[in-house]
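Step one of this worksheet: look at the structure below.
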């Protein structure tokens, strides 16, 4: 068995070698070369993190002691390993996809630069995840942020891209600053920058400091995670990024934000206050709702997926928030469930969002447009891409047997179990947020029915969409891999949940994995509410409930506390999938049997008898989502840009023009007020420089006096 | 103002350019003017003198075109016919539809069927002959076109498409029909929408065009009567009456008094039945099933009443120029009146119940509003116009049969919405029942038929059909056959105005607007 | 809303008992003229009176044959004639149809009739109808006739339809929509032509814009004559189409040998 350190050394060596060798490789060979080295490095990462994740035994290494400051050190515990593993899962198919998709950049942009940035980003991300002290963490974080900016701005010829990149960089830096402040508050208390010292100093922290750390890190890291109200950069950056890079933004760097939040608020400074958890829960729910509303009404495939990332980030945050509250209320088991749900959703979102972005990128590449109003009918021209996109869409809609279902179901279950909390106010917040998330789930279905139906079904609504051809093997392989992952994570959650619970065990304060896991599967020593008889009852019906997981089992059981009514919610995605497959197979067989002697006539769609059905007679994406726009008018607040009628000879209408503009809620409520306030301030300051020399001397004198006064006072 | 006043004013304005002659036999006043003056005169009549536009009659004489623009106003004034003549090879005429917008579709029809061109009309092209079925250049109403032979070689333009005018991001055209919903007549609608709310709706008609005007040419008046009676069965009696009256004007005969009273009696029976059917349609469109069933019961009872009284449920085969084909028994008429009285009582009860059904009213009120000004410029007729404050009831304005002998009122509402149209239908149904009773009481003994000779000549026939003013122009040639039979039915006018009521509406209101507009495709697609 | 329930109950059942019992209310049917033996003097005058040539001299001397496909209820053979034609107020008029190639097709071996005879969905296509036939089909939905009790339902989409009910002479513009509707229907399917126009073109066809009936474009399985056929006749046609009623003949007064095959 290879040592984890050796795996990581190989990984960093590969990245380093790649960066050094990149300038020597000819441009045209870069796509394949990058794909090779990127996927190999990802495999190495999977090996390294998998070992820690499954086998246990954290790996750590002191790197360098900076005299008088701190010791830089690396550490890979289960939490780091989990995020590294997810990063590997996304980097692997994306690297394979790069082999085909990068070719479109040949002769336009430097592929050497891309390879360097790509590998450097991979290394920086891993460094962020294994950094074990504040200094190296922030260093790696900065590197990652800057590399992200450079990659977002890769197609730098268009000013729109550069603007979006700058916005992203600026907000990221502000977020990083806030997060660093949060760390520093902890570090001051601990007198050290190293994580273990921070962890041990946490217990003595006062309420004010706890609030400060929570708010600073939550919103600081929330920038990367895409939480309302600090996410206005996200749709802009996602929509302009190269199609190779967007899956990484959504599937990897978004997770880093959550890694930061979890590392600080679960691992280093476990939550003892209820209110911050509620803040997280509410912010998460609002993010989810706002995200899905804008996703549903947006017709640009990439932007729509970006808004949907905000929605998923919201769901994850809501799960985390619930976990915080449960932790603070000393309900470690419930906290465990909530955190498991959040972590599971992080994994799932990475997988299906990467898949959907690959699909969207492929459609963009093959048709030249991402506007759903101009697409349509691609299922006949690009059947494999369509199938992969459909899997992703079903998964993100939280439909079984795919993975989104498991984590959203767990999240909602966790929220429902707030009934076990004592405070009525907290229960009400939970109930409202649960309702909000349920609405989100329903809107998500609308959103992705629209995305799939308008993109792939019906008739092509523009000439390029009618001439698209299927993409090449590299992309298909990577999409197939991710689609299989969606299915596997959905069907076999019982293999994943114990791993997640072990990951969380140190953070939630529950000593061993056993203490957390059994409530799902069996009555634990601490939780005797689940009667033994019931457990054995489950054994009898074949769903062996217990620790010794056998293949073919996939039962997720949650029980509601309370000695009086140990109601058991049981749901097995594995059996569900089996039954679904059986139904589909049976239907197919019956239909075949019934129709084997008949000739099947395939006719044109019924069109009401019109002479010829034209594409402009079919629903557009705008039309499909318009009911949502009308219902949530109060949130969208559209402004009418144009509403004119053109008439000739008094009565003959020749044109009716209508256009409405939607400014994003966050832009309207946060960005624009901040912007105008800043401009007002700048104008006020500008009044100070009106250029008289006497005044400038007076300013100097005044500031000198001020400093002196301050010095005297202190 | 009578016709001499009119001619004085004309002479003052246009000196000798306009020639005017009244023909008492034809009961209308004809003013012939050069083509250039046409828009000016039309504007003068329509905008200043408050005349209504009834229709455009195009005739192809052997040597020249004769275009007659029909106007009518009040009881004292004869209908005015503005006549424009031009040589056959000059096919361009000025359009009057920017001022008299009611002429819009008449001009489009003339363009489609005769190949005439109307300068200033922006929307000529696909109308009666569908451009996705027929090539350009087919002019079926010309004399040389053989009505009996089908046109085998047809190469229509494959890229033809219905024009769309809404320009909004994501706008699309929702096609409805021609084959749609259970029992609708064949018509196509293009709803332009961005989802949810429909911005504009354009009907595409004439799927059922049967070329009545063309196939009538050269047939005997007896045969054309069959066509007049059968092109729109729901107002069959009205159109046959209009034809018969035109024949009687040409022949210079008047039907005997008993026939006139019976005609009024049956015409009002038809109106009552039609209005009940329209009310049933409205109740059905709002999914008020019990009310719709009750109305359906009434309608079937009225159909049976007609069947028992005349032998035919739709009153076919009864009218003939000069009177009626057979007499009706007085006893049967009395029984019919008694039955009508009962039906009216139940109708009133339903009206009261509907007025207290808020869910029903909610769906009708402020739906499909047509303003008074629009209703007038678009030349709407019948109950639809009366609901928008435009009252011009031919039974009062240009009385025929013995309508002036009966007392009745023409109801009027001004809101112009679906509920106003509903109230008009109820009020008119009550008036019809009252006229039936008066006519039944006024029945005198006597013959019901005077022989009506088929003389050469031309005349205008009109009738207030259940859906509004219906005009027809009949020309009998020297050999006693029909040379031109021009139909100007009320649905043609009202379909043209439908788009006024179908702008910016919620999709679920569409059936309701259609039902309250009470349109017949068969009557329009003659 | 309760008042609607009350009035609904108060109205009681109005539905006809047909086909279990005959309907006797006046005015339900205009009736049809009868062929057969007539005085020699009347034969030629009656033949000349008919504007659509529905009446023709019979093969047997001094008899008349009435072709119901052409009869348009103009009543000229009654009101205008010295000896009126005999009329019979019935409604069981629906007859088996004629395929395009002239081969008669009856409801024999009718799978539609056997399997789904009590759940039949009908799509109505208006191919240029004057409104009367359509209105009479509509009456089948009203409480007096209520075709639902016999298992007939209207559907707006051909995909669910078993029976295509066509009214009107088939105008040029409706030819394509009608064919598309027929194509879009699943098999087995039946076509019922309702009304004289749909059977022969009536007063309208054939001309440049109108056909001479639906039979020119589609194989007609059941013919329902009348102008318009009263609701009961259409109901009879529907029952014939699913094999629950015996068809009538489309002509009256034809020699018995021919008639025996169908009656």
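Couple of notes before you dig in:
- Comparing C:19, C:219, C:33 in a Gaussian network model of chain C, where Cα atoms under 10 Å apart are tied by springs, the biggest mean-square fluctuation is seen for C:19.
- Shielding of B:122-132 by partner chains, average beta-carbon count, 10 Å: 2
- Cα gyration tensor category, rounded, prolate or oblate, for chain A with a/c compared to 1.5: rounded
- Within the protein assembly as shown, helix-based [θ] at 222 nm, where runs of 4 or more DSSP H residues each add -39,500 (n - 2.57), nearest 500: -16000 deg cm²/dmol
- When each of the peptides A:645-653, B:365-373, A:263-271, B:266-274 is scored by how many other beta carbons lie within 10 Å of its residues on average, the order from highest to lowest is B:266-274, A:263-271, B:365-373, A:645-653.
- Rounded Å value of the spacing that divides the Cα centres of region C:12-58 and region A:349-382: 67 Å
- Full extension of the chain between residue A:687 and residue A:663 gives 5.5 nm of extra length, using 0.36 nm per residue less the Cα-Cα distance.
- Efficiency of FRET between residue C:83 and residue C:20 - r from beta-carbon atoms, R0 41 angstrom, step 0.05: 0.65
- Crossing angle, helix C:172-184 versus chain C [Cα axis fit, 0-90 degrees, rounded to tens]: 50 degrees
- Paramagnetic label zone (point 7 Å from Cα along Cα-to-C-beta, residue C:10; backbone N under 17 Å) in region B:330-352: B:342-352
- For peptides B:166-178, A:421-433, sequence by mean Cβ density within 10 Å, most packed first: B:166-178, A:421-433
- Residue order for A:660, B:352, B:214, fewest other beta carbons within 10 angstrom first, comes to B:352, A:660, B:214.
- Separation of the residue C:3 and residue B:346 label points, Cα + 7 Å toward Cβ, nm: 1.8 nm
- Build a GNM of chain C with springs between Cα atoms under 10 Å apart, and of C:241, C:25, C:95 the one that fluctuates most is C:25.
- The value obtained for the protein assembly as shown, namely the Cα convex hull volume divided by the number of residues, is 253 Å³ per residue.
- Projected label distance in nm at residue B:144 and residue B:339, using a 7 Å step from Cα toward the beta-carbon: 5.5 nm
- R0 of 60 Å, Cβ-Cβ distance residue A:600-residue A:163: FRET efficiency to nearest 0.05: 0.65
- Residues residue A:384 and residue B:183, FRET efficiency given R0 of 35 Å [Cβ-Cβ distance, rounded to 0.05]: 0.15
- Sorted by Cβ neighbour density within 10 Å, fewest at the top, the residues B:89, B:362, A:364, C:67: B:89, B:362, A:364, C:67
- Cα gyration tensor, region A:244-354 - rounded (a/c under 1.5), prolate or oblate: prolate
- Taking every residue in C:196-206 and counting other chain Cβ atoms within 10 Å of its Cβ, the average works out to 3.
- Peptide-level mean, for C:136-149, of C-beta atoms on other protein chains within 10 Å: 4
- Backbone N atoms of region C:1-45 closer than 20 Å to the 7 Å Cα→Cβ label point of residue B:289 belong to residues C:1-16.
- Residue order, fewest to most surrounding Cβ atoms within 10 angstrom, among A:362, C:157: C:157, A:362
- Label-point gap, in nm, between residue A:54 and residue B:19 - each point 7 angstrom along Cα→Cβ: 10.7 nm
Readers should treat all values here as calculations from the given coordinates under stated rules, not as data from a laboratory. Because the structure is a prediction, the values reported are computed rather than measured. When we count neighbours, we look across all protein chains shown, and the Cβ atoms used for this are built from the backbone with ideal geometry, even at glycine.
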